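K.L.:
For reference, the structure I am asking about is given below.
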4 protein chains.
Amino acid sequence: MRFGLLGAGRIGRIHGLNVAARADAQLVALSDASAEAAASLAQASGAKVASTEAILADGGIDAVVICTPTDTHADLIEAAVTAGKAVFCEKPVDLDAGRIRRCLEVVSKSGKPLMIGFNRRFDPNFAALEGRLRAGEAGAIEIVSVISRDPGPPPVEYVKRSGGLFRDMMIHDFDIARFLLAEEPVEVFALGSALVDPAIGQAGDVDTAAVLMRTASGRIAQISNSRRATYGYDQRIEVHGSKGMLRAGNIHETTVEIATGAGFRADPVQNFFLERYAAAYRAELDAFVSACRDKRAPSPSGLDGLKAQILADAATESRRTGKPVAVSLESL
Amino acid sequence: MRFGLLGAGRIGRIHGLNVAARADAQLVALSDASAEAAASLAQASGAKVASTEAILADGGIDAVVICTPTDTHADLIEAAVTAGKAVFCEKPVDLDAGRIRRCLEVVSKSGKPLMIGFNRRFDPNFAALEGRLRAGEAGAIEIVSVISRDPGPPPVEYVKRSGGLFRDMMIHDFDIARFLLAEEPVEVFALGSALVDPAIGQAGDVDTAAVLMRTASGRIAQISNSRRATYGYDQRIEVHGSKGMLRAGNIHETTVEIATGAGFRADPVQNFFLERYAAAYRAELDAFVSACRDKRAPSPSGLDGLKAQILADAATESRRTGKPVAVSLESL
Amino acid sequence: MRFGLLGAGRIGRIHGLNVAARADAQLVALSDASAEAAASLAQASGAKVASTEAILADGGIDAVVICTPTDTHADLIEAAVTAGKAVFCEKPVDLDAGRIRRCLEVVSKSGKPLMIGFNRRFDPNFAALEGRLRAGEAGAIEIVSVISRDPGPPPVEYVKRSGGLFRDMMIHDFDIARFLLAEEPVEVFALGSALVDPAIGQAGDVDTAAVLMRTASGRIAQISNSRRATYGYDQRIEVHGSKGMLRAGNIHETTVEIATGAGFRADPVQNFFLERYAAAYRAELDAFVSACRDKRAPSPSGLDGLKAQILADAATESRRTGKPVAVSLESL
Amino acid sequence: MRFGLLGAGRIGRIHGLNVAARADAQLVALSDASAEAAASLAQASGAKVASTEAILADGGIDAVVICTPTDTHADLIEAAVTAGKAVFCEKPVDLDAGRIRRCLEVVSKSGKPLMIGFNRRFDPNFAALEGRLRAGEAGAIEIVSVISRDPGPPPVEYVKRSGGLFRDMMIHDFDIARFLLAEEPVEVFALGSALVDPAIGQAGDVDTAAVLMRTASGRIAQISNSRRATYGYDQRIEVHGSKGMLRAGNIHETTVEIATGAGFRADPVQNFFLERYAAAYRAELDAFVSACRDKRAPSPSGLDGLKAQILADAATESRRTGKPVAVSLESL
């Protein structure tokens, strides 16, 4: 399978090198607004630098990975599928749900596969948990809890363009909650505060937030987010069910522990998302390649991207209005 | 200090024996509607059986512990403080906040101390966590999470008279959340479902619930409850703050672990609340005796009982209406 | 069952209060060389103070608990069983194996039960592990590992009279190793050093030691001891078998954990043996009372005491000579 | 740096691919007795297949990695250093300490660097522990404990040629013990049994073993080995010192945990040494390349290989004779 890569920034570099390292795939060409970033990754991966247009026009390229800025995703997806490429696109498709819907219609008409980069589904720990949940180990699902805390807040300039915490950060947790609940949420209630950095509050956003959701049958999902955790990148999920509880925790930097009069001290948890989710990035690419090869629809799909966006929009509105917001995802 | 005990049921027995075991206190007399229960505890504790009226009229008794059914608490508190006794009363004061307010006025006029049995504040783990939180180890408080799951649901007949999950079970968690937040909640949003036992739903109650609360400064509290956990009595708290995270977990039945091809298996957690909180019951009695002896107001106070009840009422209303409910505890 | 207590020091006080707290036993009388210690425990327990001779002569006393200094144990056991009492004696019977043998002959002739206070067998964690080992959870036993580290070294004056680390401290671990191995050791090799306190070395003893033992069928036991652990009283056992590994660990002071940039820090482990083994002391008394009541031979027996002493002697000799020492416990 | 690889079996493939993946190194050529193995790795790595002689004669090759059968190591090391190559050789140099000495003389005369593949020193967990030990976190070293258990025993045919458990398996633990003790052992006592597979015993070897060692200053090392652990590849180290205890544990397959009435069950530990030590293999190659580039002597050195072999020989003799064996490593 021959790949083109659009966007050679931090996450583009990860995907590009993962493609290049595969025996069954080849990174043919890549584009980036920064000539330097493009050249650097070209050297590391063996791909050539090209324009986005040239990549999309290249009939020898089967698939593109889109890692450009968010506001270009929908246009590039449309252009790529129209050009006959399978597409793997980083989340989100767009910050506007209406724009996503139109994009998905274009994808649908093209008949080409589209996969969205909700990497956490592919974390070996979370994926194992989900598999065991599906196998019934915890019985009927009752309460899904997701905790997600970044090591530190992004710059306020980033925050201003991000669509807000619910769309920028918690969107991953909305997707994981859907993944685990196995039933669509019908209601979203959100709280949010700027406790970490007052400048984030002044920019109209929050850095500390919690959401409650329920499904039609009464399953409950709790999500909490913070833009700062002193002890590392905190990523935990827990599912309580009729037969038991399944949970997946963090990965400490090492297994070393020191015991003294001050107690037993283990390492902080892995601090950086690219390290924490390195295996997940490889596994999601595996899933994309396998789905394309076997002509199966890849998952998470564009529709999964739309649904997570709708939940993020609902949480944003709930936080603004102080009221729960009903959503209707089943009919999509 | 000479004690009378009103109510010699399960929890009354615990408190009665704890009083009797103290070097600085004596259990003089006890009453119970069941002559059998009264006689059994009298024999075990060395106290005499008497009527409630006789106990309240006995000038040689300094303090009473009230462990009778909930609907008698407020009347007995009023009678006891009017009779000049210090009072330790099991939660709740009453299922009706208005009745609690009137009762607290009587207490206030009497000048006698009243302590409410929110035992979890005295659990050595939770108390240590709170002490370290107050000492600043986690920095400024941002997110308080409380998980409380009973081993199994009570009989539906009990549920019908209980005031509902929020007043009967989650009231402990409202108190713990207030204890940890160190700032009053101003808003409560609740979700609840009957997923464990449909009969609980038919009785108009829920067995699976979650609450979000926020304080004026933006601190967030999450609570989740289930009436059933297959793996024991699940009682966890976690506080995320600007400097770090403090958490306190469950106590496993033993420290034994078996490792086989199926993995590493530790014991379930302690299954029974009287075992899990045995040390807490002793410690809360310590606190009551110390406060009375040193003429300090005991804590948690009647007002703490009222505030927890108001939060439970708000959650009950929120669950019913589907809307968040504002509360105003600061002014009480 | 009516008890007399000989010796009201630290451990005598534990046993005396445990007897007094039982519904099925009564602490009638106690003796101690210190009138003050005797009076204090008499007041706390409700027993009367008497002479050792009077206690042994009192036909109304069924059983005695011996908690006097080690060098009086054998004489008192002999006197007590000859006087028709059941005897619970703190370890060791004597520092001299020959003296123990003669004492056990007297016990044997008397027909009265003798139980030795190897409390660790009754620790709920270790007892549960042993029960599961016997039930076959770990399969055939291959390697038994025992780690025992005291919080701090005793005074050198104590060390000089103690019989040395192997007889004073590791004797508990020899007993636990036998308890777990379920087959007698046939060979002992010991290493020891004075690394904690040079004065202990100058007194001819060691404070850091390790032992290897093997059984006839090839099972291996490892024991290591230190007289000092900064992080609490470290008591761990692990059994590796054909089907898996069973282990039992320490009990932390609380379940509280703090996570910061420095990592995740749990409490030190319980520091004091009377706290760590409080439940074990109660349970061993249970076992003694039950055995006496049901006319079963109590366990651990005097012979268990002798065997542990022989292993301690062998380790002491091995450390002195630098050679492994053969032992023959099966024939005893 | 241009590499040749001698031996393209399981471990050779790991090293070969690790060399090929480096930006600062190139795998130029490889040899193997099996044309198939050679061709397979050549394709995966981009190296050419050549004869061992051709590789050693190729002036464009700076370094060789030796992963051939043990009985060829010493000859190949000598040939390679004589041909001017830097050498990284899998452990052991030889099963005969005398042969190792002669080989190291040849290496010494050549002036070329030789590093031995004791990979565990480079495990991120063990390396971090050692670094913190050196930094003094545990204070003065008193007891070093090493537990090493393989998932399952090798075929008896392998066992017969292996030199025995102490030389084949425990040699890693002798090296780790030396690494952690920071002082040479002066005495070795070993026990061993065939409990896992009677055929191993019939072949004259053991599958379950334990060793005690002491250093001149009295530090103690405990090692235990089993050829079979049902719960994975068990690799643990613990160092007890004057200031505290440092330990490093196993890595579970995932962080997922299930809680039910049967308890809390975590995954088995990673089962396969190539997975468990994948990071260690990369890190030891890093260390070799860095040492060569900076013209520092690589570590662990050939002398480290000799010392571990002498300890393994001493343990083998101790097990055979039943007596402790003195060793003198300081003078080497």
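K.L.:
Could you list all residues from region C:207-224 that are crowded, with 24+ Cβ neighbours inside 10 Å and either not small (Gly, Ala, Ser) or not assigned by TED's automatic domain parsing to the domain that holds residue C:317 (or both)?
P.N.:
Selection gives C:207, C:208, C:211, C:212, C:213, C:219, C:220, C:222, C:223.
K.L.:
Is it true that some residue in region A:186-193 is within 11 Å of chain B (Cβ to nearest Cβ), surrounded by fewer than 22 Cβ atoms within 10 Å (Cβ to Cβ), within 20 Å of residue A:312 (Cβ to Cβ) and acidic (Asp, Glu)?
P.N.:
yes
K.L.:
For residue B:101, all conditions in the list (1) surrounded by fewer than 22 Cβ atoms within 10 Å (Cβ to Cβ); (2) in the same structural domain as residue B:195 (by TED's automatic domain parsing); (3) on the phi < 0 side of the Ramachandran plot hold save one; what is the number of the exception?
P.N.:
For residue B:101, the failing item is (2).
K.L.:
Name every residue in region D:244-272 that is touching an Asp or Glu at 6+ places or on another chain (Cβ under 7 Å) and either away from chain A (no Cβ under 12 Å) or of a type in the set (D, E, K, R) (or both), in order of residue number.
P.N.:
D:247, D:253, D:265, D:267, D:268
K.L.:
Quick check on this structure: which one of A:283, A:291, A:279 is in contact with a Ser or Thr (Cβ under 9 Å, 6 or more places away or on another chain) and under 30 Å from residue A:27 (Cα atoms)?
P.N.:
Exactly one residue qualifies, and that residue is A:291.
K.L.:
Quick one: which of B:166, B:179, B:174 is touching a residue at least 24 places away in the same chain (Cβ under 8 Å), more than 11 Å from every other protein chain (Cβ to nearest Cβ) and in contact with a Gly (Cβ under 9 Å, 6 or more places away or on another chain)?
P.N.:
B:166
K.L.:
Looking at (1) within 20 Å of residue A:284 (Cα to Cα); (2) of a type in the set (D, E, K, R); (3) in contact with a strand residue (DSSP E or B) (Cβ under 7 Å, 6 or more places away or on another chain), can you tell me which one residue A:13 breaks?
P.N.:
Among (1) within 20 Å of residue A:284 (Cα to Cα); (2) of a type in the set (D, E, K, R); (3) in contact with a strand residue (DSSP E or B) (Cβ under 7 Å, 6 or more places away or on another chain), the lone unmet condition for residue A:13 is (3).
K.L.:
Which one is farthest from residue B:233 (Cα to Cα), of the residues in region B:252-261 that are surrounded by fewer than 22 Cβ atoms within 10 Å (Cβ to Cβ) and in contact with a Ser or Thr (Cβ under 9 Å, 6 or more places away or on another chain)?
P.N.:
B:261
K.L.:
Go through the residues of region D:230-245 one by one and say whether even a single one is among the β-branched types (Val, Ile, Thr), assigned to a loop (DSSP other than H, G, I, E, B) and touching a strand residue (DSSP E or B) at 6+ places or on another chain (Cβ under 7 Å).
P.N.:
Looking through region D:230-245, at least one residue is among the β-branched types (Val, Ile, Thr), assigned to a loop (DSSP other than H, G, I, E, B) and touching a strand residue (DSSP E or B) at 6+ places or on another chain (Cβ under 7 Å).
K.L.:
Do you know which of the residues in region D:123-132 that are surrounded by 23 or more Cβ atoms within 10 Å (Cβ to Cβ) and in contact with a strand residue (DSSP E or B) (Cβ under 6 Å, 6 or more places away or on another chain) is farthest from residue C:191 (Cα to Cα)?
P.N.:
Top of the filtered list is D:125.
K.L.:
In region B:273-332, which residues are away from chain A (no Cβ under 14 Å), in a loop (DSSP other than H, G, I, E, B) and either loosely packed, with under 15 Cβ neighbours inside 10 Å or small (Gly, Ala, Ser) (or both)?
P.N.:
Within region B:273-332, B:294, B:295, B:296, B:297, B:299, B:328, B:330, B:331, B:332 meet the criteria.
K.L.:
Let me ask something else. (1) under 30 Å from residue D:140 (Cβ atoms); (2) assigned to a strand (DSSP E or B): which one isn't true of residue D:183, the others all being true?
P.N.:
Only one criterion is unmet by residue D:183, namely (2).
K.L.:
Let me ask something else about it. Looking at C:311, C:306, can you tell me which residue is of a type outside the set (S, T, N, Q), under 21 Å from the mean Cα position of the chain (by Cα) and over 15 Å from residue C:209 (Cβ atoms)?
P.N.:
C:306
K.L.:
Right, next: Of everything in region D:189-211, what is within 21 Å of residue C:147 (Cβ to Cβ) and either in a loop (DSSP other than H, G, I, E, B) or touching a residue at least 60 places away in the same chain (Cβ under 8 Å) (or both)? Give them in sequence order.
P.N.:
D:189, D:190, D:191, D:209, D:211
K.L.:
Can we say residue D:86 is crowded, with 21+ Cβ neighbours inside 10 Å and in contact with a Cys (Cβ under 6 Å, 6 or more places away or on another chain)?
P.N.:
Criteria met by residue D:86.
K.L.:
When the residues of region D:194-224 are filtered to those that are among the β-branched types (Val, Ile, Thr) and closer than 18 Å to residue D:314 by Cβ, which remaining residue is nearest to the other protein chains (Cβ to nearest Cβ)?
P.N.:
The qualifying residue nearest to the other protein chains (Cβ to nearest Cβ) is D:220.
K.L.:
Shifting gears a bit: Residues of region D:225-243 being of a type in the set (Ser, Thr, Tyr) and more than 11 Å from chain A (Cβ to nearest Cβ), which ones?
P.N.:
D:226, D:230, D:231, D:233
The values are calculated or read from the model by the stated rules, or taken from the named source; none is laboratory data. Bear in mind the structure is a predicted one, so any value in this text is a computation, not a measurement. Don't worry about glycine lacking a Cβ; one is built from the backbone with ideal geometry, like all the others, and counts go over all protein chains shown.
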